[in-house]
Every structure is written in structure tokens, then in C-alpha cells.
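Below is one structure, written out as C-alpha cells, with a few remarks after it.
The values are calculated or read from the model by the stated rules, or taken from the named source; none is laboratory data. Treat the numbers as computed from the prediction; the structure is a model and nothing was measured. Neighbour counts are summed over all protein chains in view; Cβ atoms, including those assigned to glycine, are modelled from backbone coordinates with ideal geometry.
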Amino acid sequence: MRIGIDFDNTIISYDAVFAAAAAARGLLPAGFAGGKQAVRDAIRRRPDGEQDWQRLQGHVYGAGIAGAQPFDGVEDFLRRARAAGARVLIVSHKTEYGHFDPHRVNLRTAALAWMEARGLFAGDGAAIDRADVHFAATRAEKLARIGALGCTLFIDDLEEVLDDPDFPAGVARILFADRAEPEGAPYRVCRSWPCIGQAVFR
């Protein structure tokens, strides 16, 4: 089994970081309650909100990434995959640099450093091979990489990725999202990593 997994908002959760960083910049009131989606929607309603949102993303995915946490259950899933002899491949649509980031923090380097700090490359536990982490500059490149790597399953938080007409044929799909499963969708929906583990290793 070759399990492909997206990185941003699938393995790593930025919810608390986005809210705190937005409040620190005066974009939202202190104590704002809501995850990334709520933060994005609130900021985009401001004048010049789209640029403010892109600047915030550049900070959170770069300099602010250390404050992000893995989603509950993802590390257990990775250990279970290792025990089952599955190969885990991370395939992430991530540019090298964030929009409007004056510090030019390399987002890919920051992501790798976060994985290292969380022990995802350690010799036990999750034990992802660093060479199995792949970054793509565009969605089309990401989809092509999923196919080229021979993934048998791919897990992503974006339905537009799993719904894309160019998504590689024959690859099973799981959408990591808190929503109902659309009728006729080409993927299964799981709201949590324990649910994904149950679906994959049942």
C-alpha cells in the first residue's frame, strides 16, 4: 500500500495559529473564536481583505508554523501505517515563498523543519522517509506527482483536488473534512484521523 497524504490542513492544523496571528495584527479582535476558515472569511470581508489574508497565510505557513499542531490522531495513523508495512508519501501543493512575505521565509523548508521537530522522520513511530516528502508549485503538478508516485490511496482536505478531472485514475480517495458525504462523490469523507484509520486498516 502506498498512502499519499496532503500536508497543509490535513496533517498539520493551523487553526489556533491563524486566530492568534490575525489578532496580533489587528485584523480580528482578541479572543476571536474560529478556525482557519472562519478567520479567512472574516478577514476577506475587510477592505483590502484578500491581500491581508495572503500576507497572513505567508506568515503562518512560514515563520509562524512552529505554533501549529498535528491533527489529533494523525501520528497514531502514521505509526499504524508503518506497522502495516505501508509506505507514506506526503504530496503538498506549496510554493517556495508566501505572498507578500517581506522576510522571504522558504515555506517548504519551514514545513520540513516542522516535520523534523515533531519526530515524523525519526527511526521509530511515524518514520516517514524524508525523500518521500514532495512539494508541487501547482495543483496540476501535485496531481501528476500523485500518479507518478503510484499512490494507491490519497487523503486531502480539499474536495476540489479529489474532484479534479485530472486526478489519477485508480487511486482511492478520502476527503478529510467535517461535512456530509456528497451523493455520487468519488471519495469517502472522514471527519477525523481515527475514522481514516478505520477506513484504511479495517
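Quick notes
- Filter pass, V161 being in a helix (DSSP H, G or I) and modelled with pLDDT of 95 or more: yes
- If you go through the stretch 39-66 and pick out every residue that is surrounded by 13 or more Cβ atoms within 10 Å (Cβ to Cβ), in a helix (DSSP H, G or I) and touching a residue at least 12 places away in the same chain (Cβ under 8 Å), you end up with 16.
- Members of the stretch 135-193 that are closer than 17 Å to R87 by Cβ and in contact with a helix residue (DSSP H, G or I) (Cβ under 8 Å, 6 or more places away or on another chain): L153, F154, I155, P168, V171, I174
- Consider the stretch 67-81 and keep the residues that are acidic (D, E) and assigned to a helix (DSSP H, G or I). The one that is surrounded by the fewest Cβ atoms within 10 Å (Cβ to Cβ) is D76.
- Residues of the stretch 92-137 that are among the β-branched types (V, I, T), modelled with pLDDT of 95 or more and closer than 18 Å to T10 by Cβ: V133 alone.
- Hits in the stretch 16-38 - residues which are touching a residue at least 24 places away in the same chain (Cβ under 8 Å) and either more than 19 Å from the chain's Cα centre (by Cα) or surrounded by 14 or more Cβ atoms within 10 Å (Cβ to Cβ) (or both): V17, F18, A20, A21, A22, R25, L27, K36
- Answer residue from the stretch 162-202, given it is of a type outside the set (F, W, Y), out of contact with any strand residue (DSSP E or B) (no Cβ under 8 Å at 6 or more places or on another chain) and touching a residue at least 40 places away in the same chain (Cβ under 8 Å) and is surrounded by the most Cβ atoms within 10 Å (Cβ to Cβ) among those: G197
- Considered as a group, the residues in the stretch 82-91 that are more than 19 Å from the chain's Cα centre (by Cα) and of a type in the set (A, V, I, L, M, F, W, C) include one that is surrounded by the fewest Cβ atoms within 10 Å (Cβ to Cβ), and that residue is A83.
- Residues of the stretch 30-84 that are of a type in the set (S, T, N, Q) and over 21 Å from I12 (Cβ atoms): Q51 alone.
- Verdict on A148 being among the small types (G, A, S), at pLDDT 95 or above and within 18 Å of the chain's Cα centre (by Cα): no
- Some residue of the stretch 115-134 being without any contact (Cβ under 8 Å) to a residue 60 or more places away in the chain, part of a loop (DSSP other than H, G, I, E, B), under 22 Å from H59 (Cβ atoms) and not basic (K, R): no
- Within the stretch 82-112, being touching a helix residue (DSSP H, G or I) at 6+ places or on another chain (Cβ under 8 Å), of a type outside the set (K, R) and outside any loop (DSSP other than H, G, I, E, B) holds for V88, L89, I90, V91, S92, H93, Y97, L107, A110, A111, L112.
- Residue under evaluation F32, criteria (1) modelled with pLDDT of 90 or more; (2) over 18 Å from D101 (Cβ atoms); (3) not in a helix (DSSP H, G or I), criterion not met: (1)
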